[in-house]
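Undergrad: Sharing a structure below in structure tokens format, with a few things to ask.
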Amino acid sequence: MGEIWVRLLLVAGALVVVALVISLTRRRRRSGRLFDGAGLRPGVYLFTSATCADCVAARARLAEGLGVSGFAEIEWEKDPDLFTQVGIELVPSTVVVTPDGTATRYPGIPDRLLERLNP
């Protein structure tokens, strides 16, 4: 009988570890992440695709918050290599590159980014 409890505790412990890994992975995807800007000049970049429904809303939010000339749009169909270099896996994604060349990626609609830029 004692062996069953040990096995149950091992399974429960494994499930807790899996839940923690999933939670940390999701949190990391939601938050901005610093990385090398892959040669992009300082500025704000919106990565989009022609088949992305949320890209229209992201473009409108950035235009509203930064102005039409406040960001550059990079389309998957025109520059897929840049998506790979920057590590864009989800569209829309907004990337902010600082003057020192580091960048922060914001997946999804850029509301959180705009809140940070315009508190």
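The values are calculated or read from the model by the stated rules, or taken from the named source; none is laboratory data. Please read all numbers here as calculations on a predicted model, not as lab measurements. Note that each Cβ is placed from the backbone with ideal geometry, even for glycine, and that neighbours are counted across all protein chains shown.
Undergrad: In the stretch 62-89, what residues are under 16 Å from the mean Cα position of the chain (by Cα), in a helix (DSSP H, G or I) and more than 16 Å from LEU40 (Cα to Cα)?
TA: Within the stretch 62-89, LEU62 is the sole residue that qualifies.
Undergrad: Counting only residues that are closer than 14 Å to LEU117 by Cα and either of a type outside the set (Lys, Arg) or in contact with a Phe, Trp or Tyr (Cβ under 8 Å, 6 or more places away or on another chain) (or both), how many does the stretch 46-104 have?
TA: Number satisfying all stated conditions: 14.
Undergrad: Please enumerate the residues belonging to the stretch 63-89 that are within 14 Å of PRO107 (Cβ to Cβ) and either without any contact (Cβ under 8 Å) to a residue 24 or more places away in the chain or crowded, with 17+ Cβ neighbours inside 10 Å (or both).
TA: Once the filter is applied, which keeps residues that are within 14 Å of PRO107 (Cβ to Cβ) and either without any contact (Cβ under 8 Å) to a residue 24 or more places away in the chain or crowded, with 17+ Cβ neighbours inside 10 Å (or both), the stretch 63-89 yields PHE83, VAL86, ILE88, GLU89.
Undergrad: Is there a residue in the stretch 43-55 that is at pLDDT below 75 and closer than 25 Å to ILE109 by Cβ?
TA: The answer is no; no qualifying residue exists.
Undergrad: Sticking with this one: In the stretch 90-105, how many residues are surrounded by 17 or more Cβ atoms within 10 Å (Cβ to Cβ) and assigned to a loop (DSSP other than H, G, I, E, B)? Quick ask: steps written out before the conclusion?
TA: Taking the stretch 90-105 and keeping what is surrounded by 17 or more Cβ atoms within 10 Å (Cβ to Cβ), we get 91-97, 103-105.
From the residues that got through so far, the ones that are assigned to a loop (DSSP other than H, G, I, E, B) too are 91-92.
Qualifying residue count, the stretch 90-105: 2.
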